[in-house]
């Protein structure tokens, strides 16, 4: 018993040390990613979540993500960020397959274990990628577009600067896909959601494109971390593309675009 207790204590100490180093590394990466003294290198890894999406994924190239660069350039200028191109997106085919995904209804321990597995998997992807080491990795999982069948929820991790975006393998959905990608990218930089999880409606006032607009509805633009454009107090529209979205003041502060 004493022997097992001793080795159990050693294993626990090692795990705690690993977690401390992971947390410290994540904090340093986060600080570097939001000081905005140079362009943020973002690598997107397009992946087919099912066989029917393979042809769509194979055709994707850097140009398909230029809208994200344009969006961040315009919004950064509004907040006085001294970079002509704050975000640079490149496409990579280095991911060998789908990333590990979190289990449904996983508890805190399960989520922590998945997070470590995901970070280790993503680190190996970056290590084997001929492209320069990215600041942020976005694994874009494309699903067949089936009417009435939603894709899984996307997620972005600020601790690790990684995201998994679930998207539609449909050219008609390219604009809305870019909104999802920009939203999850901002999550990796520390931006928080600004919508009600129960209703999907934008929060007040930070989830509105222009909280000072009078009359308040309908809003002309949506806040990117709300993901929708408020049409009335009880309705909101899904944006067609990033030209309909803005980075609100609260989100700007969270990512270091202070005003």
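The values are calculated or read from the model by the stated rules, or taken from the named source; none is laboratory data. No experiment lies behind these values; they were computed from the predicted model shown. Cβ: placed from backbone, ideal geometry, glycine included. Neighbour counts: every protein chain shown.
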Q: Please tell me if residue 104 is outside any helix (DSSP H, G or I) and touching a strand residue (DSSP E or B) at 6+ places or on another chain (Cβ under 8 Å).
A: no
Q: Looking at (1) touching a residue at least 12 places away in the same chain (Cβ under 8 Å); (2) closer than 22 Å to residue 51 by Cα, find the lone condition where residue 89 falls short.
A: (2)
Q) Within region 137-152, which residues are touching a residue at least 12 places away in the same chain (Cβ under 8 Å) and more than 18 Å from the chain's Cα centre (by Cα)? A) 144, 145
(Q) Just to verify a result, which residue in region 134-144, among those that are assigned to a loop (DSSP other than H, G, I, E, B) and in contact with a helix residue (DSSP H, G or I) (Cβ under 6 Å, 6 or more places away or on another chain), is farthest from residue 189 (Cα to Cα)? (A) 144
Q: Give, as residue ranges, the strands (runs of 3 or more DSSP E) completely inside region 154-259 that count at least 2 residues that are assigned by TED's automatic domain parsing to the domain that holds residue 51, touching a strand residue (DSSP E or B) at 6+ places or on another chain (Cβ under 9 Å) and surrounded by 22 or more Cβ atoms within 10 Å (Cβ to Cβ).
A: 162-168
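Residue-by-condition table, conditions (1) closer than 16 Å to residue 184 by Cα; (2) part of a helix (DSSP H, G or I); (3) touching a residue at least 12 places away in the same chain (Cβ under 8 Å):
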position	(1), (2), (3)
56	no, yes, yes
63	no, yes, no
67	yes, yes, yes
70	no, yes, yes
81	no, no, yes
85	no, no, yes
93	no, no, yes
